[in-house]
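Reviewing the structure listed below.
The values are calculated or read from the model by the stated rules, or taken from the named source; none is laboratory data. Small disclaimer: the values here were computed from a predicted structure and weren't measured. Positions of Cβ are backbone-derived with ideal geometry, glycine not excepted, and every protein chain shown enters the neighbour counts. Protein only, heavy atoms only, side chains kept; ligands, DNA and RNA dropped before computing areas. Shrake-Rupley method; radii C 1.70, N 1.55, O 1.52, S 1.80 Å.
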Amino acid sequence: MRKEWWVLIGAVAVVWLLFQLETMLMPFIAGMILAYLSDPLANRLQRLGLSRALAVCGVFFILTLVLGVALLVLIPLAVQQVRQFGLMIPGIFEWVETVLAPQIRGWTGLDVAADLDNVQETLAEHWQDAGGYLAQFLGQIGRSGAAFLAWVTYFALIPVVTFYLLLDWDRLIVNLRNLIPRRLEPDAVRLSLRCDEVLSAFLRGQLLVMLTLGAIYAIGLTVMGLRFGLLIGMLAGLASIVPFLGFIVGISVALIVAFFQFGSWVALLGVVIVFTIGQIIESVVLQPKLLGDRIGLHPVAVIFAVLAGGNLFGFTGVLLALPAAAVIMVLLRELNERYKRSSLYDADKKERRSEDSP
């Protein structure tokens, strides 16, 4: 058989294994991504004089500290604000029914109040159903001890896999490089370095941008006394994985909350100022310093990759989506460059080259 057929068979086998081992692969892929993200920090600690083992332990200490602060401080506050927001929903419906609906009826002749009652009843019904579904789901997990134990084991494996991969990361990279056929090594190394540049810029840079924007929005809204400032800031920060989506979502929710809480134009102006400051910092500082022009992943491509990965492989596919999208983007650029240099793109180029040669 020709080697091309062997490559095709190997690719099909890898895809088949991904489908078959979807759930089991989750802790290994998550650990690989965490090890990849943490490797620069471990290398920096090594340059300070620590051994690799101590550097990895230092990375885990930092990650544990950050995770502990999030669990003890941020998550309880966010849960509390979600409950407070749920208590505000009846007041919002009452305002729409008594103030906004008559104005809309006077302007357009449409009776919004009747439709609003139906919406409120539907939300209340589904809210109760959601509680029932959640209780049923938790009950099934409790009854299915094997499934519950499997998921607990998978999540417990993530830090273990991350630790050992991070400990041997450099050696694994060297061993993989030694497996590449010698005549393909220069191109493979060049493409892998380009993939690493795009992927590291997106994952590490975008993660820092999301955290920084979320902190700016949360602190700014909380300082101006807006309710749910932390919750809105976290939501806007998470949505910032797509450019401008975090700004649009965050400022829309913040303006609505500020209108109902303060009822003045000054508060609305304060919200606009907070999000404007965040956008200026992102454009002037965060994007040039953390991301630059190295990413090349279009926002639509990011959304499509995440949705396609989740649809094909579930949560494992979501973890694989962005790394796969970055690799595909680099390969497409390489094909585009080779196509532009080929005679298929410009047949006259080859003729001009032969004429110019002595």
Looking only at the range 258-285, which residues are without any contact (Cβ under 8 Å) to a residue 40 or more places away in the chain and crowded, with 18+ Cβ neighbours inside 10 Å?
-> A258
When residues of the range 47-94 are limited to those that are part of a helix (DSSP H, G or I) and of a type in the set (S, T, N, Q), the one nearest to G263 (Cα to Cα) = Q84
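Collect the residues in the range 51-74 that are modelled with pLDDT under 75 and out of contact with any Leu (no Cβ under 8 Å at 6 or more places or on another chain), keeping them in residue-number order. Break it down stepwise before answering.
Narrowing the range 51-74 to residues modelled with pLDDT under 75: 73-74.
Listed by number, the list holds a single entry, V73.
Criterion first (part of a loop (DSSP other than H, G, I, E, B), open to solvent by less than 60 Å² (accessible area, probe 1.4 Å), within 17 Å of V272 (Cβ to Cβ) and not small (G, A, S)) does L226 satisfy it?
Values: part of a loop (DSSP other than H, G, I, E, B): yes; open to solvent by less than 60 Å² (accessible area, probe 1.4 Å): yes; within 17 Å of V272 (Cβ to Cβ): yes; not small (G, A, S): yes.
In short, yes.
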Going by the structure shown, is L231 within 20 Å of I75 (Cβ to Cβ), open to solvent by 30 Å² or more (accessible area, probe 1.4 Å) and in contact (Cβ under 8 Å) with a residue 24 or more places away in the chain?
-> yes
Flagged pairs (Cβ under 7 angstrom, 6 or more apart or on separate chains; first in the range 318-334, more than 18 Å from V189 (Cα to Cα); second outside any helix (DSSP H, G or I)) are A325/L297
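So that you can scan it fast, the table gives a plain yes or no per residue for (1) within 12 Å of the chain's Cα centre (by Cα); (2) within 30 Å of G270 (Cα to Cα); (3) not polar (S, T, N, Q):
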| residue | (1), (2), (3) |
| --- | --- |
| V198 | no, no, yes |
| R204 | yes, no, yes |
| V209 | yes, yes, yes |
| I232 | no, yes, yes |
| S240 | yes, yes, no |
